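Have a look at the structure below, then the notes.
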Amino acid sequence: MFAYALNFPMQKFLQSQSKVWFMAIISMGGLAIHVLLNWILVVKGRHGLFGAAIAGNISWWLLDIAQLIYIISGYFPEAWTGFSCLAFKSLTKFIKLSLASAVMVCLELWYFTAVILMVGGLKNATVAVDAITICLGLQLWTLTVAFGFTASTSVRVSNELGAGNPKAAKFTISVNVLTSAVIGLIFSATILATRKEFPRLFTNEQHVIKETSKLGYILAAIIFLNGIQPVLLGVAVGAGWQLQVALISIGCYYGFGLPLGALLGYKFKFGVEGILSAMLAGSLLQTLFQFLIIARTSWHKQALQAEERVRTWGGEVENQSTS
């Protein structure tokens, strides 16, 4: 876990320097080593879960070491000048922002867990939980692609605002939302076209296959929506709106989505379809609020605030148009 935690700040540093391809190469190397270690320890050595844990631990540390060597090797003479006491400047603001970011991400992930727990309280819960697990598993697979847009959007928006270029920040948001939405639409169309077949990839139980197929339409809508949401999440990170989005998530997910799911699933007997529909409704409401915030934002003002943060940390801002 410690190695996993160390990876994130280095990952964000490399993303901010647009060294994405290097990160991809290191990750592919780490994956290859991880597979090899699992084969040696789990398959050949027969160490079971203990061997898998050791393999994962070694892989994460090797990944961290490779990234750290690249960062301190001199490839970033302007961005990395070595450790100094400036790292502790405005530390309180940084901690507040980090905590808000953690809460924002946790609320997103816990929402899915809460939905599964709610489904577990239904009659014939075994079939319902199996069906919802398959659906959310597929949804998380597609979400990994969208999370790539989260990283790129947050980096581009923060960089453009810090450089005093709000027009470029707005353009980045538009392009990424459109691109991610198109990819989400392709995923959704695939789910709709194969809604009676894709459950067979995960189970041979006919009851589970039938129940999962019923959820295909709702799952397709969720996947499309989740093609857009991560981009808006990236905008929030890039602009420093983590606290606002966390509060919106509390209201939309836990104040609206989950209570509606309990009402539809238990009171009106819609079962897993009602709970998943409520999950979709909560996500849709959150997305609408985020779009509203973005539409009403003064990006000129955001750019000025970002420039001030850059100067606070001792950076320099190029003279660009802030119109």
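Which members of the stretch 169-190 meet the condition of being over 16 Å from PHE224 (Cα atoms) and touching a Leu at 6+ places or on another chain (Cβ under 9 Å)? The answer is ALA169, ILE173. Every test in (1) over 26 Å from GLN206 (Cβ atoms); (2) in contact (Cβ under 8 Å) with a residue 24 or more places away in the chain is passed by ILE134 save one, and that test is (1). Of all residues in the stretch 295-312, those that are within 12 Å of LEU161 (Cα to Cα) and in a helix (DSSP H, G or I) total 12.
One line per residue, one yes/no per condition, for (1) in contact (Cβ under 8 Å) with a residue 60 or more places away in the chain; (2) under 28 Å from PRO230 (Cβ atoms):
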{"site": "ILE69", "(1), (2)": "no, no"}
{"site": "PRO77", "(1), (2)": "no, no"}
{"site": "LEU86", "(1), (2)": "yes, no"}
{"site": "LYS93", "(1), (2)": "no, yes"}
{"site": "SER98", "(1), (2)": "no, yes"}
{"site": "VAL105", "(1), (2)": "no, yes"}
{"site": "THR113", "(1), (2)": "no, yes"}
{"site": "LEU117", "(1), (2)": "no, yes"}
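Scanning the stretch 80-127 for residues that are among the hydroxyl-bearing types (Ser, Thr, Tyr) and over 17 Å from PHE8 (Cβ atoms) turns up THR81, SER84, SER90, THR92, TYR111, THR113, THR126. Can you say whether VAL272 is in a helix (DSSP H, G or I), surrounded by 19 or more Cβ atoms within 10 Å (Cβ to Cβ) and either touching a Phe, Trp or Tyr at 6+ places or on another chain (Cβ under 9 Å) or outside the structural domain of LEU136 (by TED's automatic domain parsing) (or both), as far as the supplied structure shows? Answer is no for this residue.
The values are calculated or read from the model by the stated rules, or taken from the named source; none is laboratory data. Please read these numbers as outputs of a predicted model, since none were measured by experiment. Cβ coordinates were reconstructed from backbone atoms using ideal geometry, including for glycine residues, and neighbour counts include every protein chain displayed.
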